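Please read the structure below before turning to the comments.
Values in this text are rule-based calculations from the coordinates and carry no lab data. Please read all numbers here as calculations on a predicted model, not as lab measurements. Cβ placement follows ideal geometry from the backbone for every residue including glycine, while neighbour counts extend to all protein chains displayed.
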Ligand code: OTU
């Protein structure tokens, strides 16, 4: 147990004033186990842990003292309602500030658009000052204390956060904590020969250790950035998991942990409510492993969480861990016992299962995989999404595939062929990303609308096919909105924006086809949203409808449970959602080109009394008959008493 001596307690009181100091000390007492435990395990052999922890607690105290009054009020409200982010009104929107609106000030001018849609959580993609030239979409940060000058200043970020808070919208920003740009001050000092800064990175004199590590290291970008080490003249071989200009930090060095914690404090005090911890699985390296998901990576995140809670209890951490299904829930603290870790994590598995079901017209793999996984711990939430700025990697385990008589490798190959548009009859217009000819692996780029068939239907001028493609997009989002996580809308999906045909024209992007699904916002297209018959109008109305309906459905709050209800149809996904304080909810989705019917007994199985339909593709009432019918690619949401 961590206890401050009376003198230190008095110092806290002087720094914060009585009520705040009392709250800080109460939090310290409550969190001390979660602060000391992980740090002892990670740094016990390296530093005097008591001394190190004291330093970090004093850093937290300074951050708490510097916290603006408005943010302290938010903290207080969130301590009263720690489930604030689990509410069913939470709906996220994800965009690059410059691509959405030119700049941070531009974003402020478009808040009415987000409000019209019903957004309550805005994730702005990397916005800190990146290196010049190629910067991996902002994931190569040169200065964590400055905003990218092309989009604004820290003052703009603060003003934007305040505007968002006034509208009850939470702000999420990226924190790239696994690596810095090689132009970052630490890296420059390392290059200048300062050994303290050299120790911030993983640098080897020759190829001996890199070769030994690479025997078990997978490559993240085999095509555009092969290998995991880069030779830097005057330094040696630097660990670079991603691009050669992104230098991995050495978290075995406590100074790295302390430095990054300071960055978290600073960004939270500018008004960020959620920090997206980029590439969290990569934080710890161990010889003989794939250097992902190591126990220490989890301990580090647990310590980050406890220390940020201490300073600013309203801050939420979100794990970006796109890893195999069984590893995923650990980032939410789902270990043998619950150990608070991230409050939010991307539900990569749901996303992959949706695209897999869409291509195969068969939901049995999804039913199997989603029903056998461990649920998110009650105080946490998944973020559910259909598309993001990255590629889609087919995280389908061989074991899951085998249990529905599929060969894992062949299935992943089929999905790549289908979404790249190579498979005969495929409606999708995506592209392969990082095809690895040696292993046969690849991932998929492409916007949701293009992958759902909207681009090909428009090109063919086929209205019927267009209607089906819009339904696919709506139904996939309907699952994202009702599976129990916080749904995220990726910018442009609400307008069914297709792949950007000009993506490769920027030389800094030409090697990276993920830019095809990172188009600039087309505000002229957005203006079409009020035309009910236009494509944009149809997509926008569908998305708004989902948001409005979700808000009223308390069963969709995170913290409840989702249960798959297998049906006699292999193309129909049924699940119910329950929360101790509300009526159950039932979702039915047809993943096929033909009408599917289901025995109405599914309503009783879902526990719905006096069932009523709250939202569906066609608006038809399903209830009453012995069998309920869903049109091709349609969905229905039902609730009861
Ligand atoms: C993340 O993605 C970002 O989302 C990417 O846009 C960046 O390029 C990358 O980090 C480097 O900063 O491997 O294929 O398990 O999957 O961190 C993308 C997490 C990635 C990784 C993820 C990474």
Relative to the longest principal axis of the C-alpha atoms of the chain, give the angle of the C-alpha long axis of helix 535-552, reported between 0 and 90° and rounded to the nearest 10°. 70 degrees
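Could you rank the peptides 305-315, 401-411 by their average count of other C-beta atoms within 10 Å per residue, with the highest value first?
Numbers: 305-315: 23.7, 401-411: 14.9.
Packing proxy ranking, top to bottom: 305-315, 401-411.
R0 = 60 Å: FRET efficiency of residue 223 with residue 9, Cβ-based, nearest 0.05?
Once the sixth-power term is evaluated, E becomes 0.60.
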Among 209, 455, which comes first, then next, by fewest other beta-carbon atoms within 10 Å? 209, 455
Under the Debye formula (equal points on every Cα, no solvent term), log10 I(q)/I(0) of the stretch 559-639 at q = 0.13, 0.14, 0.24 Å⁻¹: -0.35, -0.40, -1.18
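Using only the Cα atoms of the chain, construct the convex hull and provide its projected area averaged over every direction, in square nanometres to one decimal. Don't jump to the answer; show the numbers that get you there.
Values: hull surface 111.9 nm².
Over every viewing direction, the Cα hull of the chain projects on average to 28.0 nm².
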Nearest 5 percent is fine: what portion of the DSSP beta bridges confined to the chain is antiparallel? 60 percent
So, in nm, how far is label residue 530 from label residue 81 when the simple model puts each one 7 Å beyond its Cα toward the Cβ? 3.2 nm
Report the relative contact order of the chain, percent, no decimals, based on alpha-carbon pairs under 8 angstrom and at least 6 residues apart. 12 percent
Given the peptides 219-226, 198-205, 471-478, arrange them by the average over their residues of other C-beta atoms within 10 Å, most packed first. 471-478, 198-205, 219-226
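On average, how much area does the Cα convex hull of the stretch 242-304 cover when viewed from any direction, in nm²? Working shown, then result.
On the way: hull surface 20.0 nm².
Dividing the Cα hull surface by four gives the mean projection, 5.0 nm².
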Contour excess over end-to-end distance, with Cα ends at residue 397 and residue 54 and 0.36 nm allotted per residue: 119.1 nm
proj_area_mean for the stretch 386-503 (convex hull on C-alpha atoms), units nm², value 8.6 nm²
Difference of contour (0.36 nm per residue) and Cα-Cα distance, residue 109 to residue 2: 33.8 nm
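Expected output is a single nm value to one decimal: the length gained when fully extending between residue 502 and residue 548, i.e. 0.36 nm times separation in residues minus the C-alpha distance. What is it? Walk me through the intermediate numbers first.
Working: separation 46, 0.36 × 46 = 16.56 nm, distance 3.44 nm.
Stretched fully, the residue 502-residue 548 segment lengthens by 13.1 nm.
Send over the semi-axes of the stretch 533-603's equivalent ellipsoid, whole angstrom and largest first, taken as the square roots of 5 times the C-alpha gyration tensor eigenvalues. Display every interim value, and only then the final one.
On the way: eigenvalues 107, 91, 14 Å².
So the equivalent ellipsoid measures 23, 21, 8 Å along its semi-axes.
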Euclidean distance of C-alpha centroids, the stretch 543-616 and the stretch 243-287, integer Å: 39 Å
Extending each Cα 7 Å along its Cβ direction at residue 625 and residue 435, get the distance between those two points in nm, one decimal. 4.5 nm
For the chain, what does -39500 (n - 2.57) per DSSP helix run (n ≥ 4), summed and divided by total residues, give at 222 nm, in deg cm²/dmol to the nearest 500? -12000 deg cm²/dmol
